[in-house]
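Worksheet: one structure, shown below.
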C-alpha cells in the first residue's frame, strides 16, 4: 500500500521520533549549553523532519531528487565548515 501523506512514511515516523528524543534528552544538558550544543542538536533534528515534509510536497520524482541532492550538498558543506 502506498503512503498517502508524508506522515505515513516510515522514515518520517523515525525522524519525528528522533526529534522528540533529542528534545527530551537535551533538557538534561547543562544550562551553559542552552545556546550551543542544545540549540544545534535540536535544529538538526527538526531539520530532518522539515526537509521530509518540504520534499514530499514536490511535484514529481525528478523534482524531489533534485531537492534531495541539493539538501545533501548543503549538509556536506555544513559538515566541512
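Go through region 11-25 and count every residue that is surrounded by fewer than 16 Cβ atoms within 10 Å (Cβ to Cβ) and either more than 27 Å from residue 64 (Cα to Cα) or modelled with pLDDT of 90 or more (or both). Walk me through it before giving the result.
Keep residues of region 11-25 that are surrounded by fewer than 16 Cβ atoms within 10 Å (Cβ to Cβ), which gives 11, 13-14, 17-18, 20-21, 23-25.
Restricting the remaining residues to those that are either more than 27 Å from residue 64 (Cα to Cα) or modelled with pLDDT of 90 or more (or both) gives 13-14, 17-18, 20-21, 23-25.
Number satisfying all stated conditions: 9.
Checked against (1) part of a helix (DSSP H, G or I); (2) at pLDDT 85 or above; (3) exposed (fewer than 11 other Cβ atoms within 10 Å of the Cβ), residue 28 passes all but a single condition, namely (1). Within region 19-44, residues that are in contact (Cβ under 8 Å) with a residue 12 or more places away in the chain have Cβ atoms under 8 Å from residues that are surrounded by 12 or more Cβ atoms within 10 Å (Cβ to Cβ) and not in a helix (DSSP H, G or I) in these pairs: 38/29, counting only partners at least 6 apart in sequence or on another chain.
The values are calculated or read from the model by the stated rules, or taken from the named source; none is laboratory data. Because the structure is predicted, anything quoted here is derived from the model rather than measured. All Cβ positions, glycine included, derive from the backbone under ideal geometry; neighbour counts span all protein chains shown.
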